[in-house]
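> I am attaching a structure below and will ask some questions about it afterwards.
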Amino acid sequence: MTKQDCEIYASKRLMKNIKEKFPRLKLCVLGDSLYAAETIIEICKGYGWNYILNCKDGRQKTLIQDYIYILGGGEHGEKKKLLGEENGTAKYVNHVEEISGKNFTANIFEYEYSKKIKSRETIVRLQWLTDMELNEKNIEEMVRYGKKRWKIENEGFNNQKNILYKIEHLNSHNPNAMKNHYLLTQIADILM
């Protein structure tokens with residue numbers, strides 16, 4: 001059995017290939033908290049790309065602690081009643097890196113709303129890290145973009161991995177066979 005490649009290393013290779021093949025293409029990288037790593041952020045910064053990365057409390061701990069500290073002091077932007085039926089609240093702080101001493105732009109925003117799950121009211125809280133300046137005019141759009149990753153994950157890959165097709169991590173030791181299997185699964189999902 002061979003070891004699977006790390007997602008971070010694979011992402012670095014993919015980002016490099018995209019930049020080489022499309023040098024003038026301007027991108028915004030949308031990723032989960034795994035990608036809220038300084039190496040990925042530095043690549044985005046070097047290529048002139050933007051990023052919106054999920055930022056859980058366990059990733060970029062210093063930034064999150066400083067963000068919470070700033071929120072406690074009341075020096076943050078806030079907008080209520082966002083996103084239609086959810087009526088959530090977004091909070092944001094620009095340039096948290098100035099307190100944390102990071103060498104990349106760290107604007108942090110969060111979105112909190114109430115959702116009924118199995119007849120119980122539950123608070124959903126999502127948090128992101130971006131290099132784009134946040135303000136009252138664009139915060140709703142930023143929340144929408146941040147949530148798109150969850151839509152892709154939940155409606156697409158999660159459905160393929162765990163519900164319909166039961167895709168496992170390793171279906172074959174042959175790389176071409178694995179690629180073919182995955183592509184056929186994608187085609188089947190599109191047709192379904």
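Readers should treat all values here as calculations from the given coordinates under stated rules, not as data from a laboratory. No experiment lies behind these values; they were computed from the predicted model shown. So basically every Cβ, Gly included, is an ideal-geometry build from the backbone, and we count neighbours across all protein chains shown.
> At most 15 other Cβ atoms within 10 Å and a DSSP loop assignment: could you name the trypsin sites (Lys or Arg not before Pro) in the stretch 89-127 that fit?
Those that pass, being in a loop and sparsely packed, are Lys118.
> Oh, and also: May I ask you to list the GluC sites (Glu not before Pro) in the stretch 34-82 that are in a DSSP loop and have at most 15 other Cβ atoms within 10 Å of their Cβ?
For GluC sites (Glu not before Pro) across the stretch 34-82 that sit outside H, G, I, E and B with at most 15 neighbouring Cβ atoms in 10 Å, the list reads Glu75.
> Residue farthest toward the positive end of the dipole of the stretch 7-191, with Cβ of Lys/Arg at +1 and Asp/Glu at -1: which of Tyr69, Ala10, Thr130?
Value computed over the given set: Ala10.
> Same structure, new question: Pairs to check: Lys21/Lys45; Lys79/Lys102; Lys79/Lys147; Lys19/Lys56. Give those whose C-alpha atoms are more than 20 Å from each other in this structure.
Details: Lys21/Lys45 18 Å; Lys79/Lys102 27 Å; Lys79/Lys147 17 Å; Lys19/Lys56 28 Å.
Flagged as over cut-off: Lys79/Lys102; Lys19/Lys56.
> So if each residue of separation counts as 0.36 nm, and I subtract the Cα-Cα distance between Lys12 and Arg24, what length gain in nm does that give? List each step's numbers first, then the result.
Working: separation 12, 0.36 × 12 = 4.32 nm, distance 1.79 nm.
Separation in residues times 0.36 nm, less the Cα-Cα distance, equals 2.5 nm.
> Based on the alpha-carbon gyration tensor of the stretch 7-191 and its eigenvalue square roots a ≥ b ≥ c, which shape applies: rounded if a/c is under 1.5, prolate if not and a/b is larger than b/c, or oblate?
Oblate is the answer for the stretch 7-191, as a/c is 1.5 or above yet b/c matches or exceeds a/b.
> Same structure again: ³J(HN,Hα) across the stretch 68-75 via Karplus (A = 6.51, B = -1.76, C = 1.60, θ = phi - 60°), whole Hz, x for Gly/Pro?
Ordered by residue, 3J(HN,Hα) equals 4, 4, 5, 4, x, x, x, 9 Hz.
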